[in-house]
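Everything on this sheet refers to the single structure shown next.
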Amino acid sequence: MDARKFRDTLGQFATGVTVITGKTENKLIGMTANAFSSLSLDPPLILVCIDKKSSSMEAFMKDQPFAVNILEKNQSEDCWRFAKRSEDKFVGCAYDFSHDGVPILKGNLATIHCDVDAILEGGDHYIVTGRVKSVDYDNEKEPLLFFRGKMGELAMTEAT
Ligand SMILES: Cc1cc2nc3c(=O)[nH]c(=O)nc-3n(C[C@H](O)[C@H](O)[C@H](O)COP(=O)(O)O)c2cc1C
């Protein structure tokens with residue numbers, strides 16, 4: 001199968017955009033990811049697929065805390081900032097810390113606080129599952145969307 005066509009075909013699936021944040025002993029970690037999914041309601045689990053080559057993987061170890069930041073429509077700058085490899089992606093970025101020391105991007109649409117449950121093999125990616133500890137969202141905000149390699153936002157149709 002043609003690799004380009006495979007990627008382009010997956011790009012037909014419109015998604016939201018998340019920044020996965022975590023920490024190592026001496027560094028804050030953040031990476032843009034749209035391979036995020038709900039997994040289980042009881043117990044509450046989510047998953048995210050992370051490239052085995054990603055330097056961010058060092059933050060993901062069993063029982064370590066991390067957060068899924070679901071971006072809102074005006075956070076495309078954060079999307080690109082956290083998609084590029086860099087020594088400190090957080091310079092110039094507004095964030096707070098969760099009680100367990102994970103950076104949480106200010107102005108998010110939603111935040112999902114987790115501990116790593118399992119790290120599974122998935123080809124050239126790891127499937128990281130997260131046990132959800134707490135959640136938060138802002139009902140007034142709208143999501144940033146990703147489709148065919150471009151950012152967009154919802155065109156809401158009023159319910160009739
Ligand atoms: C919209 C978008 C979605 C992305 N989704 C993922 C993803 O789900 N998993 C992944 O491993 N990389 C994804 N990436 C690429 C990573 O963000 C990027 O490779 C990573 O942040 C590089 O930095 P790092 O090596 O410091 O982790 C995505 C990039 C963009 C722009």
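Overview of values
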{"quantity": "About the Cα centre, charge dipole magnitude for the chain (Lys/Arg +1, Asp/Glu -1 at Cβ), debye", "calculated": "580 debye"}
{"quantity": "Low-density loop positions, chymotrypsin sites (Phe, Trp or Tyr not before Pro), segment 1-87 - DSSP coil, at most 16 other Cβ in 10 Å", "calculated": "Phe13"}
{"quantity": "Lys, Arg +1 and Asp, Glu -1 on Cβ, resulting dipole of segment 1-63 about Cα centre, debye, nearest 20", "calculated": "220 debye"}
{"quantity": "Lysine pairs in the chain with Cα atoms under 18 Å, if 8 or more residues apart or on separate chains", "calculated": "23"}
{"quantity": "Once exposed loop trypsin sites (Lys or Arg not before Pro) are cut out (DSSP; at most 16 other Cβ, 10 Å), longest piece of the chain", "calculated": "107-147"}
{"quantity": "Contour minus Cα-Cα distance for His99 and Thr157 (0.36 nm per residue)", "calculated": "17.0 nm"}
{"quantity": "CD proxy at 222 nm, helix term only [per DSSP H run n ≥ 4: -39500 (n - 2.57); per residue of the chain; nearest 500]", "calculated": "-2000 deg cm²/dmol"}
{"quantity": "Residue-span extension gain [Arg148 to Arg4] - 0.36 nm each, minus C-alpha spacing", "calculated": "50.6 nm"}
{"quantity": "Label point at Phe13 placed 7 Å out along Cα→Cβ; residues across segment 46-75 whose backbone nitrogen lies under 14 Å", "calculated": "47-50"}
{"quantity": "Table column - 3J(HN,Hα) (Hz), segment 120-135, Karplus curve with 6.51, -1.76, 1.60, x for Gly and Pro", "calculated": "10, 7, x, x, 8, 10, 9, 9, 9, 9, x, 7, 7, 9, 7, 9"}
{"quantity": "Sites excluded, GluC sites (Glu not before Pro) in DSSP loops with at most 16 other C-beta within 10 Å, longest stretch of the chain", "calculated": "26-86"}
{"quantity": "Relative contact order [Cα under 8 Å, 6+ residues apart], the chain, whole percent", "calculated": "28 percent"}
{"quantity": "When segment 3-149 is reduced to its Cα atoms, the Kirkwood hydrodynamic radius in Å", "calculated": "15.5 Å"}
{"quantity": "Top of His125, His113, His99 by mean-square fluctuation, Gaussian network on the chain, Cα under 10 Å", "calculated": "His99"}
{"quantity": "Residue among Leu109, Ile29, Ser86 farthest towards the positive dipole end of segment 27-109, charges placed on Cβ", "calculated": "Ser86"}
{"quantity": "Potential lengthening between Ala118 and Asp51 on full extension [0.36 nm per residue; Cα-Cα distance subtracted]", "calculated": "22.6 nm"}
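We did not get these values from a lab; they are worked out from the coordinates using the rules stated. Please read all numbers here as calculations on a predicted model, not as lab measurements. Using ideal geometry, Cβ is built from the backbone for each residue, glycine included, and neighbour counts are taken over all protein chains shown.
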